Amino acid sequence: MRTFAYRTADDVTQAVTTHGADDQVAYVAGGTTLLDLVKLDVMRPTQLVDINRLPLGEVETLDDGRLRIGATVTNTELAHHPEVKARYPLLSQALLAGASTQLRNMATTAGNIMQRTRCPYYRDASAACNRREPGSGCDAMHGINRMHAVLGVSDQCIATHPSDMCIAMAAIGATLTLEGPDGKREIAFNDFHRLPGDQPEKEHELRPGELITYITLDTPIEGAGAYYLKLRDRASYEFALASAGALVSIQDGVIHEARLALGGVATKPWRSHEAEQALHNQPAAVSTFEMAAEAAMQDAVPHEHNAFKIPLARQAIVRALREACKDAENANEPR
Ligand SMILES: Cc1cc2nc3c(=O)[nH]c(=O)nc-3n(C[C@H](O)[C@H](O)[C@H](O)COP(=O)(O)OP(=O)(O)OC[C@H]3O[C@@H](n4cnc5c(N)ncnc54)[C@H](O)[C@@H]3O)c2cc1C
Ligand code: SF4
């Protein structure tokens, strides 16, 4: 058994100071990722800093119309928040597609962003895994890789980012506020997670000791329809094989603005600018959606057991776009 110290913090400065940018120290929020990984001997912190008492539990609309979410707002609170349901339905749908009620009651917004891959070799301390132990190899590459990624992969790592919530955030656009030993800074959500490249152990742009304090969503696209589709092995309590989050606005019979992000198929929350370009100024028709799906998956690289994800993701994209367009058309109808 490994022992660790446990500290609580009452404000952000105290949390950052207590952490001390020490790589043996970890922040803990809901604990639904971290404590699992500690029990599996994958993460071995000598000290935890509990951030649940920090004043980061509110959701508020800023003067410029953006929505600011505190880091410790739970997935349940966020999914059911009236502003989220009314103005960011894609986020609410994606959150409710994730995990289970009990987990969502504990899981926090920042913890969800920081959750680790579900690659079984990463979670098995006896397996070779470049992400867990740089340079040790990758047992997934020639192992059971049915759940693994086809977009953004490298010859070092093919693990998917497992979050549903992050797919909605990638489509909506957001800014993360970070606070650490060197002060406060901001980073665009879509620049936060890193591709594995030749350093899969570097999963994100957080610097040592930095804490995510807020996630601020961009203002929503006016009149946009939204749809999150998650395809998985069973209907609940399961990670995505492929998922698609779509936001579409329609003007004068053509797609005016489209945002598309993909989950379950990529090494980070995957915004598909290729698909968005293919949709721009095109009629909201199945042939257009198929062209966008083709564009989104054109650079996919399959491994032995996961080639099925490419047509599956294409179908998820077509269906999500079709439903988002229907939603936009309904919103445009005079009442
Ligand atoms: C059985 C199971 C099924 C699941 N299914 C799904 C699913 O279908 N879809 C899905 O999206 N997710 C799923 N999840 C993952 C779940 O959503 C995450 O475990 C959860 O969101 C993590 O949040 P947390 O607050 O519990 O994080 P914690 O476990 O407390 O922390 C996770 C990581 O984030 C760091 N961290 C936490 N807060 C901060 C902060 N403010 N700043 C910097 N670092 C921070 C911690 O140090 C740690 O490294 C599942 C989890 C389980 C156990
Ligand atoms: S795919 Fe990535 S996380 Fe999984 S074993 Fe390989 S290096 Fe590790």
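Since every read-out is calculated from the coordinates, none of them should be taken as a lab result. Keep in mind that what you see is a predicted model, and the values were worked out from it rather than measured. Please note: Cβ atoms are built from the backbone with ideal geometry, for glycine as well, and neighbour counts cover all protein chains shown.
Quick notes on this structure:
- Cα centroid separation - the range 116-160 against the range 173-204, whole Å: 21 Å
- GNM top mover of PHE308, PHE192, PHE289 - the chain, alpha-carbon springs below 10 Å: PHE308
- What the phi angles of the range 91-99 give under the Karplus curve with 6.51, -1.76 and 1.60, with θ = phi - 60°, is a coupling list of 5, 4, 4, 5, 4, 6, 7, x, 6 Hz, glycine and proline written as x.
- Whole-Hz ³J(HN,Hα) from phi, Karplus 6.51 cos²θ - 1.76 cosθ + 1.60, for the range 248-255, glycine and proline x: 9, 10, 10, 9, 6, x, 10, 6
- Taking the chain as a Gaussian network of alpha-carbon nodes connected by springs under 10 Å, the highest mean-square fluctuation of the residues SER249, SER136, SER154 belongs to SER136.
- Charged-residue dipole, Cβ positions (Lys, Arg, Asp, Glu), the chain about Cα centre, Debye nearest 20: 860 debye
- Counting only alpha carbon atoms, the long axis of helix 309-332 and the longest principal axis of the chain meet at about 60°.
- Mean projection of the Cα convex hull over all viewing directions, computed for the chain: 17.0 nm².
- Against the chain, whose longest principal axis comes from its Cα atoms, helix 286-297 is set at around 30 degrees.
- Springs between Cα atoms under 10 Å define the GNM used for the chain, and in it the highest mean-square fluctuation of THR46, THR74, THR108 occurs at THR46.
- When the P(r) is computed for the range 5-50, the part past 17 Å accounts for 28% of the Cα-Cα pairs.
- Once the Kirkwood radius over Cα pairs is known for the range 222-335, the Stokes-Einstein relation at 37 °C and 0.692 mPa s delivers a diffusion coefficient of 232 µm²/s.
- Point-to-point label distance, GLU329-VAL254, nm (Cα→Cβ direction, 7 Å offset): 1.8 nm
- Radius ratio Rg over Rh of the range 132-181, counting only Cα atoms, Kirkwood formula for Rh: 1.09
- Hits among aspartates and glutamates - C-alpha to C-alpha of LYS268 under 16 Å, sequence gap 8 or more where chains match: ASP155, ASP164, ASP191, ASP198, GLU201, GLU203, GLU205, ASP299
- Taking every C-alpha pair closer than 8 Å and separated by at least 6 residues, the mean separation divided by the residue count of the range 5-50 gives a relative contact order of 54 percent.
- Rounded to 0.05, the FRET efficiency of the THR13 and ASN105 pair, given R0 = 45 Å and the Cβ-Cβ distance, is 0.95.
- Site pair HIS80 and ASP50 shows an inter-label distance of 2.4 nm when each label is modelled 7 Å from Cα along Cα→Cβ.
- On the basis of the beta-carbon distance and an R0 of 45 Å, ARG207 and ASN281 show a calculated FRET efficiency of 0.65.
- Near ILE255, the amide H atoms lying under 5 Å from its own belong to ASN281, GLN282, ALA284; only residues 5 or more places off or on other chains count, and H is placed 1.01 Å from N.
- For the chain, the mean residue ellipticity at 222 nm estimated from helices alone is -8000 deg cm²/dmol, where every DSSP H run of n ≥ 4 contributes -39500 (n - 2.57) and the total is divided by all residues, rounded to the nearest 500.
- Stretching TYR6 away from ASP155 to a fully extended chain increases their span by 49.9 nm, per 0.36 nm per residue minus the current alpha-carbon distance.
- Mean separation of Cα pairs under 8 Å and 6 or more residues apart, divided by the residue count, gives the chain a relative contact order of 17 percent.
- Taking 0.36 nm per residue of sequence separation and removing the Cα-Cα distance, the ASP124/MET291 pair yields an extension gain of 56.2 nm.
- Restraint check, LYS202/LYS230; LYS230/LYS326; LYS85/LYS202; LYS85/LYS309, Cα-Cα greater than 25 Å: LYS202/LYS230; LYS85/LYS202; LYS85/LYS309
- Amide H within-cut-off set for VAL150, under 5 Å, with H built and near neighbours excluded: ALA266
- Contour excess over end-to-end distance, with Cα ends at ASP36 and GLU222 and 0.36 nm allotted per residue: 62.9 nm
- Relative contact order of the range 1-133, pairs being alpha-carbon contacts under 8 Å that are 6 or more residues apart, as %: 24 percent
- Between GLU238 and ASP63, the FRET efficiency from the beta-carbon distance, with R0 = 45 Å, is close to 0.65.
- Between the C-alpha center of the range 87-107 and that of the range 56-72 there is a gap of 17 Å.
- Ranking ALA296, LEU321, ASN306 by Cα position along the charge dipole of the range 293-333, where only Lys, Arg, Asp and Glu carry charges on their C-beta atoms, puts ASN306 farthest toward the positive end.
- Couplings 3J(HN,Hα) of the range 158-163, computed from phi: 10, 6, 7, 7, x, 6 Hz, in residue order, whole Hz [Karplus 6.51 cos²θ - 1.76 cosθ + 1.60, θ = phi - 60°; x for Gly and Pro].
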